[in-house]
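To start, the structure under review is shown below, and the notes come after it.
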Amino acid sequence: MNGKISEKILKQAEGMKVCIIGDVMLDRYMFGNVTRISPEAPVQVFETKQSKPKLGGAANVSYNVKTLGAEPVLIGVIGNDAEGEILADVMRSQGQNTSGLIIEENRPTTCKTRVIADSHHLLRIDSESKHDISAQTENKIISLLKEISRETKFIILQDYNKGVLTKSSINKIISFAKREKMKILVDPKFDNFFEYRDVYLFKPNRKELEDALGRKAKINDEINEFALELLGRIKSENIVLTLGENGMKIFEKKNGKIKLSSIDTHARKVADVSGAGDTVISTIAVCLAGGASLKDAVIIANVAAGLVVEEVGIVPIFRDNLLKYIRKEFRN
């Protein structure tokens, strides 16, 4: 890793547009105290002291693209409800454009409310719909993509199995991207795992890969075989496999051959892995927009992930903090 090269890449990415399409979420954190048991039932009484809304899912990826200095173009679906308004307000407070948020009637905004007392996570309350979006909403997504296709060549598909990325919309987006010579980077989930064919980059973690193939890797070398099998099935140009404390692996197709690169982890201490996958995919996309090679983009993303897992909760990666760390750790 070269500090000067990293700085050049992120400087060149400044203001470059990256499109994100997928499941947006509102993460609501409720902080308070538990000091007594309810007289109505044998349950704890939680006294709310503070409520803090944050972005989750594809909206968090969009925010990471923003904090890295690029310009996110987020396309997602919210409900006509208070949670949708809060999500849009949080985005606007961060200087993000909300014109790509599509309101679908009779569909709730995906919201995860975490109840926390004295740093203990007591309960999570989810409000969501996992049903596929309507054909009308799907058409709106494609129309929005067409509008911005001349402004960016990178699309992140952020799938959380909440119904926004349907089999139909995935195929339409990939076909359109091929015609427009746009590069698609996929952060997959189980339901549509094998629908993402012929994309530029596919980024599963180990569990997602094992779940999709229906078997566990008994030895480390076997996970390489799984990734190569996946590469053949979905015909993607590259696979970036995230392995937690074991870093990442890159499987690149070059001149008809597959090149394997292993990247060691850079986490010094792990407090919370929430949101690390969002950090990785957004950092890779921003670095590619800044002219980085895939390997350099993944190395920088690996460092970024190592920084965010040291923090509790879902936190973004800021460009200046990332560069400061790289300059300190990689003095060349």
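The numbers here are math on the coordinates, done by the rules we state, and not lab data. Since the model is a prediction, treat every value here as computed from it, not as a measurement. Cβ placement follows ideal geometry from the backbone for every residue including glycine, while neighbour counts extend to all protein chains displayed.
Values computed for the structure shown
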| quantity | calculated |
| --- | --- |
| Count of region 194-231 residues which are closer than 21 Å to Ile184 by Cβ and out of contact with any helix residue (DSSP H, G or I) (no Cβ under 9 Å at 6 or more places or on another chain) | 2 |
| Some residue of region 4-15 being of a type in the set (S, T, N, Q), out of contact with any Leu (no Cβ under 6 Å at 6 or more places or on another chain) and in a strand (DSSP E or B) | no |
| Residues of region 26-54 classified as without any contact (Cβ under 8 Å) to a residue 40 or more places away in the chain and in a strand (DSSP E or B), total | 11 |
| Checklist (1) at positive phi; (2) in contact (Cβ under 8 Å) with a residue 40 or more places away in the chain applied to Ile234, failing item | (1) |
| Selected residue (only one of Leu10, Leu55 is under 29 Å from Leu123 (Cβ atoms) and touching a helix residue (DSSP H, G or I) at 6+ places or on another chain (Cβ under 7 Å)) | Leu55 |
| Residue match in region 251-272 (condition: free of Cβ contacts under 8 Å to residues at least 60 places away in the same chain, under 26 Å from Phe176 (Cα atoms) and touching a helix residue (DSSP H, G or I) at 6+ places or on another chain (Cβ under 7 Å)) | yes |
| Matching option when the condition is out of contact with any Lys or Arg (no Cβ under 7 Å at 6 or more places or on another chain), among the acidic types (Asp, Glu) and within 29 Å of Ile155 (Cα to Cα), among Glu40, Glu7 | Glu7 |
| Residue, farthest from Gly76 (Cα to Cα), within region 100-139, restricted to residues that are surrounded by fewer than 17 Cβ atoms within 10 Å (Cβ to Cβ) and among the aliphatic types (A, V, I, L, M) | Leu122 |
| Residues of region 55-86 that turn out to be assigned to a helix (DSSP H, G or I), more than 16 Å from Val315 (Cα to Cα) and not acidic (Asp, Glu), as a count | 3 |
| Strands (runs of 3 or more DSSP E) wholly inside region 217-332 containing at least 3 residues that are under 20 Å from the mean Cα position of the chain (by Cα), surrounded by 14 or more Cβ atoms within 10 Å (Cβ to Cβ) and of a type outside the set (Asp, Glu) | 238-242, 248-254 |
| Among residues of region 206-215, those that are under 19 Å from Gly22 (Cβ atoms) and crowded, with 20+ Cβ neighbours inside 10 Å, counted | 0 |
| Output for region 67-77, where each listed residue is buried (at least 24 other Cβ atoms within 10 Å of the Cβ) and over 12 Å from Ser99 (Cα atoms) | Leu68, Ala70 |
